[in-house]
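Note sheet for the following structure.
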Amino acid sequence: MNQKEYEQQIGQLRHQVEVLQKANVDLINRNMQLGQQIDAYYDVKRRIQMLKELVIRHKELIRHADLRDDDELMALIETRLEEELPHENPDFGLKELAEFIGTSQTRLIELFRRSNIHKTADDYLDYLRLLRSMFYIQSQPMWGIAACAQQAGFSVIRTFNRKFQDALGMTPHEFRQIIESGKENITTSD
């Protein structure tokens, strides 16, 4: 083998070494990326496990809602109902409330029986529906009274009118007139 052939082989070997070094760097980078992906995978897996444990604990808390004191249970009821407004469905009653809160109907009956204001869950739900209907009467002047009542969860307008009259001492129409005259007084005094 002469000097020229020898130098060619050395050049080829150097080129192969460079290619192998580049491939090695690429493999190292790929391994680092895979390592990061594996770390991320295990981090996600750990977080999922933590969330599962939180869900299980939350379910246990809901299952034991019967054990809560009255104030805590009532606060839970008020918070959940304000957030999701299930009582705007006219079919939402004691049974649905118990399922919604995760407690027994018996516990709710006892809770409201001891209440100073609302003696039944239905009384409480009607109270919330009346408040909601007042909101709609005030905020939706283009809606009729019946539409406001239905949106608030009353399926029978006569029942709504009677409960409204009993609670406020006026009809829903009178209430709307007072609201509208109050708005007119505010705009004319500006």
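The values are calculated or read from the model by the stated rules, or taken from the named source; none is laboratory data. Everything quoted here is computed from the prediction, not taken from an experiment. All Cβ positions, even for glycine, are placed from backbone atoms using ideal geometry, and neighbour counts span all protein chains on display. We work out accessible area using only protein heavy atoms, side chains counted, and drop any ligands, DNA or RNA first. Shrake-Rupley method; radii C 1.70, N 1.55, O 1.52, S 1.80 Å.
Some notes on this structure:
- Scanning segment 60-93 for residues that are among the aliphatic types (A, V, I, L, M), modelled with pLDDT of 85 or more and in a helix (DSSP H, G or I) yields Leu73, Met74, Ala75, Leu76, Ile77, Leu81.
- Filtering segment 132-147 to residues that are within 24 Å of Glu83 (Cα to Cα), open to solvent by 80 Å² or more (accessible area, probe 1.4 Å) and either in contact with an Asp or Glu (Cβ under 7 Å, 6 or more places away or on another chain) or not polar (S, T, N, Q) (or both) leaves Phe135, Trp143.
- Condition met for Glu72 (under 27 Å from Ile179 (Cβ atoms) and exposed (fewer than 13 other Cβ atoms within 10 Å of the Cβ)): no
- Any hit, segment 40-48, residues being in a helix (DSSP H, G or I) and among the aromatic types (Phe, Trp, Tyr): yes
For (1) among the hydroxyl-bearing types (Ser, Thr, Tyr); (2) open to solvent by 30 Å² or more (accessible area, probe 1.4 Å); (3) touching a strand residue (DSSP E or B) at 6+ places or on another chain (Cβ under 7 Å); (4) assigned to a helix (DSSP H, G or I), each residue gets a yes or a no:
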{"position": "Lys95", "(1), (2), (3), (4)": "no, yes, no, yes"}
{"position": "Thr103", "(1), (2), (3), (4)": "yes, no, no, no"}
{"position": "Asp122", "(1), (2), (3), (4)": "no, yes, no, yes"}
{"position": "Leu125", "(1), (2), (3), (4)": "no, no, no, yes"}
{"position": "Ala149", "(1), (2), (3), (4)": "no, no, no, yes"}
{"position": "Phe160", "(1), (2), (3), (4)": "no, no, no, yes"}
{"position": "Phe164", "(1), (2), (3), (4)": "no, no, no, yes"}
{"position": "Ile179", "(1), (2), (3), (4)": "no, yes, no, yes"}
